[in-house]
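Please treat every number below as a calculation from the coordinates, not as lab data. Everything numeric in this text was worked out from a predicted model, so none of it was measured. Here Cβ is always computed from backbone atoms with ideal geometry, including for glycine, and neighbour counts include all displayed protein chains.
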Amino acid sequence: MRGKINALPHNLPESKIMKIRRIASAGFLLRVLGGWAACLAWLQAGAEGGDQPRPRFLIGYTAGRNDLAGGQYANWVTHRAYLVRADGAANRQVAPELAHKQYSWTQFAGWSPDGRTAVIGAYWESPENAAWERAHRTFRMTEGWLADACLLELATGKIRNVTAVDRVSIYNAASFTPDGKALLLTALINGVSKPFLMDRDGRNKRDVSGGGTGFTYGFAASPDGARISYHENYQVYVANSDGTGKTRIETGNAFNFVPQWSPDGEWLLLVSGTHYNCHPYVVRKDGSGLRKLADRGGYRGVVEVLKHADFHSESSDVPVWSRDGKAVYFTAKAGSCVELMRVSLEGKVEALTRSAPGVRHYHPRPSPDGKWLLFGSDRSGVMQLYVSRADGTQALAVTNVPAGWCAMHGHWRPVEGEP
């Protein structure tokens, strides 16, 4: 470390050298060097691809420990929801009061379409239930849990727990409808996940499963709000927004996961195949035109979060639409790496990253204007979030979590600027 300090440029003023020495002696040298590295990366990115201004969007994300040996529960309770600017500045925790209770944590879960409201997942689990789950290597969400979706008004800081209103479940997740006037809710009823719609204030919860009794996941609404989609027992269904007219999309595959509407509402993107051997497909909303877009090269489609893997401690890593609906971003295995890829609807595949051996990328998300890409990567040895241009160039870290931590689940705020 002393060698690093003595290697400072000889033409620095003595006052600055002394300041740097004082910072280093306080234990902050790594942060200083990290700042220099970020500046060098910025300059290099400008030299390679033109010095383009960084996007002015906020990003919500989740960070916490991932190196604790006590299983995923020991790490989960350290997780918190954060906001950061897309240039890496103004990083701050949000809604800390939702995790003040022992054995609780938060996760950033999304935005309202106007960007004024954030969705924060608030979680609590008893240590007794966590111990039972780890011993049996399965989740038990019928007891010992409380998972709610809370709405945070950024301008005022006001928080409303909408799933606690006229509660239907102890385990809930929610997202906004495209017009922002209502919420999509998935709620576990007797251990079975069911799709609901509810008013923005949490009232008027209504089951839109169309009478289905299977486990539902990947609940989404079409851009015009007229239709919904989800997978039930790993088969994809579309229906009217009230749950009527439920129709199964036939893929011929046993495993189908998280259907997503195209920006024009005409297509669904999903992964299809068998569990841990599934690939990006598209299909028209009426079930016609099914085709495989690309192969994930042996990638299992999940990213291990923990340094000490636990049961089901991997995070699903699903493809996403480009903002213009002309392409799909996904991750695929290339040698020992998991790389960022982009494929056109005609099937032309581009590798957006070419990494050192063993590097993993995960959770790609295009910016609201389509010019940038947010993704996770452990290229530095720590799972950080990065922002690059849409083609993967000019990538810069926007999080700076320390070793033993991870940054996950990034969500672009839909509009630019501060709230």
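Can you give the charge dipole size of the stretch 283-339 about its Cα centre, rounded to the nearest 20 debye, using +1 on the beta carbon of Lys and Arg and -1 on the beta carbon of Asp and Glu?
320
Can you compute the label reach from Asp264? Point 7 Å from Cα along the Cβ direction, backbone N cut-off under 13 Å, restricted to the stretch 312-329.
Residues 324-327 qualify, since their backbone N sits under 13 Å from the label point.
With the crude spin-label approximation of a point 7 Å out along Cα→Cβ, what separation in nm comes out for Ser126 versus Ala254?
3.6
Looking only at Ala403, Ala239, Ala122, which one moves most when the chain is put into a Gaussian network model with springs between Cα atoms under 10 Å?
Highest fluctuation among the options: Ala403.
Using the Cα atoms as the points, what is the convex hull volume per residue of the stretch 155-267 in Å³?
112
What angle do you read, to the nearest 10 degrees and between 0 and 90, between the alpha-carbon axis of helix 29-49 and the longest principal axis of the chain?
70
For helix 127-136, report the angle its Cα long axis makes with the longest principal axis of the Cα atoms of the chain; keep it between 0 and 90° and round to the nearest 10°.
Roughly 80 degrees, rounded to the nearest 10.
Using a Förster distance of 51 Å, how high is the FRET efficiency between Tyr276 and Lys158, based on the Cβ-Cβ distance and rounded to 0.05?
For R0 = 51 Å, the calculated efficiency reads 0.75.
Using the per-residue mean of other Cβ atoms lying within 10 Å as a proxy for protection, in what order, highest first, do the peptides 75-86, 259-270 fall?
Numbers: 75-86: 21.8, 259-270: 19.6.
The peptides rank, most packed first, as 75-86, 259-270.
Calculate how steeply helix 14-25 sits against the longest principal axis of the alpha-carbon atoms of the chain, using the helix alpha-carbon long axis, and give the answer as 0 to 90 degrees to the nearest 10.
Approximately 50 degrees, to the nearest ten.
Which entries of Lys181/Lys285; Lys194/Lys285; Lys326/Lys348 show an alpha-carbon separation above 19 angstrom in the structure shown? Don't skip to the answer; put the middle values down first.
Details: Lys181/Lys285 23 Å; Lys194/Lys285 21 Å; Lys326/Lys348 11 Å.
From the list (Lys181/Lys285; Lys194/Lys285; Lys326/Lys348), the Cα-Cα distance tops 19 Å for Lys181/Lys285; Lys194/Lys285.
With the cut-off at 1.5 for a/c, could you classify the stretch 196-342 from its C-alpha gyration tensor as rounded, prolate or oblate? Display every interim value, and only then the final one.
Working: a/c = 1.84, a/b = 1.45, b/c = 1.27.
Because a/c hits 1.5 or more and a/b exceeds b/c, the stretch 196-342 counts as prolate.
Please find, in a Gaussian network model of the chain (springs between Cα atoms separated by less than 10 Å), the residue of Pro53, Pro127, Pro366 whose mean-square fluctuation is greatest.
Answer for the Gaussian network model of the chain: Pro53.
Please name whichever of His231, Thr274, Leu146 sits farthest to the positive end of the charge dipole of the chain, dipole taken about the Cα centre and charges placed at Cβ: Lys and Arg +1, Asp and Glu -1.
Leu146
Need one number for the stretch 52-416: average projected area of the convex hull over its C-alpha atoms, nm².
Over every viewing direction, the Cα hull of the stretch 52-416 projects on average to 16.8 nm².
Could you check the simple spin-label distance between Glu416 and Leu345, using points 7 Å along Cα→Cβ, in nm with one decimal?
For the pair Glu416/Leu345, the computed spacing is 2.7 nm.
Treating only the Cβ atoms of Lys and Arg (+1) and Asp and Glu (-1) as charged, compute the dipole magnitude of the chain about its Cα centre; round to the nearest 20 debye.
Approximately 960 debye in magnitude.
Normalized C-alpha radius of gyration of the stretch 345-419, against 2.2 N^0.38 Å?
That works out to 1.16 for the stretch 345-419.
If each of Ser316 and Arg291 carries a label point 7 Å out from its Cα toward its Cβ, how far apart are those two points in nm?
Computed distance between label sites Ser316 and Arg291 equals 2.6 nm.
For the stretch 238-310, what mean projected area does the convex hull of the alpha carbons give, in nm²?
Mean projected area of the Cα convex hull: 6.7 nm².
Using a Gaussian network model on the chain with a 10 Å cutoff between Cα atoms, which of Ser241, Ser126, Ser380 fluctuates the most?
Maximum fluctuation in the GNM of the chain, among the listed residues, is at Ser380.
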